[in-house]
Amino acid sequence: MIDCREIQKSYGTVSVLKGLSLSIAEGELVAITGQSGAGKSTLLHILGGLDSPDSGSVQIAGKSLSSMNEKQRAAFRNQDLGFVFQFHQLLPEFTALENACIPALIGGASWKEAKLKASHWLDYLGLSERMNHKPQALSGGEQQRVSIARALVNKPSVIFADEPSGNLDSENAQKVHESFQKLRKDFNQTFVVVTHNQEWARVCDREIRLLDGRVVTS
Ligand SMILES: Nc1ncnc2c1ncn2[C@@H]1O[C@H](COP(=O)(O)OP(=O)(O)OP(=O)(O)O)[C@@H](O)[C@H]1O
Ligand SMILES: [Mg+2]
């Protein structure tokens, strides 16, 4: 599903990724770990087409990100990739349902279609009673599950998550992790999850640890 080769990325004189290669199969639930500053977020942004490498190639679902122009890449991100961040980044003036609709609307769906899809995923994630609440009326764990529904609404090939449970208490972190495992089991959903949570990393199919700009081979 994901194949990246010899990725290099520097910020000024700081070399963050030094020729990093990895492959991730369809339906794999992979944890990316490593110390703060190891380049985990940088890697996730490059794999997700949110940032470009200085050199190297990224292929997702058989498509090469570097051969796309900015507009094509944005459309690919919208249709094929889902993103969950540490802070949910929900729009405060919209309800949970409306927030989860946004990628579908961007992709050209009508409000009616978008609401049908978004409510399905909110329901799946146990939020059927909370759909018409705005983010401020939801708990941190509920907010994060709305952002997972938003990531799922266009049925992406891959979901990228950057410390999705980093801001949650252990009970809500557990719910987020369980929802990823359930999605993988029910739909063979591929996940790439940056985490500092070692316990969770061990539960994933595979842990990819970054050190000094490369993957640690164990
Ligand atoms: N836009 C940027 N400009 C300059 N330096 C950057 C930029 N983004 C990241 N860096 C640097 O690149 C290195 C890797 O950053 P990155 O955010 O990928 O680390 P991380 O592994 O995600 O860390 P954390 O666990 O703290 O989130 C750090 O030294 C950081 O300061
Ligand atoms: Mg980070």
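Can you name the number of the only condition in (1) touching a residue at least 40 places away in the same chain (Cβ under 8 Å); (2) surrounded by 15 or more Cβ atoms within 10 Å (Cβ to Cβ) that Gln89 fails?
Unmet for Gln89, out of (1) touching a residue at least 40 places away in the same chain (Cβ under 8 Å); (2) surrounded by 15 or more Cβ atoms within 10 Å (Cβ to Cβ): (2).
Could you pull out the residue among Glu171, Glu129 that is on the phi < 0 side of the Ramachandran plot, acidic (Asp, Glu), away from ligand 1 (no atom under 16 Å from the Cβ) and modelled with pLDDT of 95 or more?
Within the list Glu171, Glu129, the selection yields Glu129.
Determine which single condition Asp212 fails, assuming it passes every other condition in (1) farther than 22 Å from Glu28 by Cβ; (2) buried (at least 22 other Cβ atoms within 10 Å of the Cβ); (3) touching a residue at least 60 places away in the same chain (Cβ under 8 Å).
For Asp212, the exception is condition (2).
Is it true that Leu81 is surrounded by fewer than 17 Cβ atoms within 10 Å (Cβ to Cβ) and away from ligand 2 (no atom under 16 Å from the Cβ)?
no
Please specify each residue of region 12-35 satisfying the condition of being under 19 Å from Asp51 (Cα atoms), within 16 Å of ligand 2 (Cβ to nearest atom) and touching a residue at least 24 places away in the same chain (Cβ under 8 Å).
Answer for region 12-35, where residues must be under 19 Å from Asp51 (Cα atoms), within 16 Å of ligand 2 (Cβ to nearest atom) and touching a residue at least 24 places away in the same chain (Cβ under 8 Å): Val16, Leu17, Leu20, Ile32.
Exactly one condition in (1) surrounded by fewer than 18 Cβ atoms within 10 Å (Cβ to Cβ); (2) assigned to a helix (DSSP H, G or I); (3) modelled with pLDDT under 95 is not met by Ser218; state its number.
(2)
Among the residues of region 10-57 satisfying the criterion of being of a type in the set (D, E, K, R) and closer than 22 Å to Ile159 by Cβ, which is surrounded by the most Cβ atoms within 10 Å (Cβ to Cβ)?
Lys40
Please return the ranges of helices (runs of 4 or more DSSP H) entirely within region 27-106 where 3 or more residues are within 14 Å of the chain's Cα centre (by Cα) and either away from ligand 1 (no atom under 16 Å from the Cβ) or modelled with pLDDT of 95 or more (or both).
Output list reads 40-47, 70-80.
The values are calculated or read from the model by the stated rules, or taken from the named source; none is laboratory data. Computed from a predicted model, the values in this text were never measured in an experiment. Counting neighbours? That spans all protein chains shown, and the Cβs are built from the backbone with ideal geometry, glycine included.
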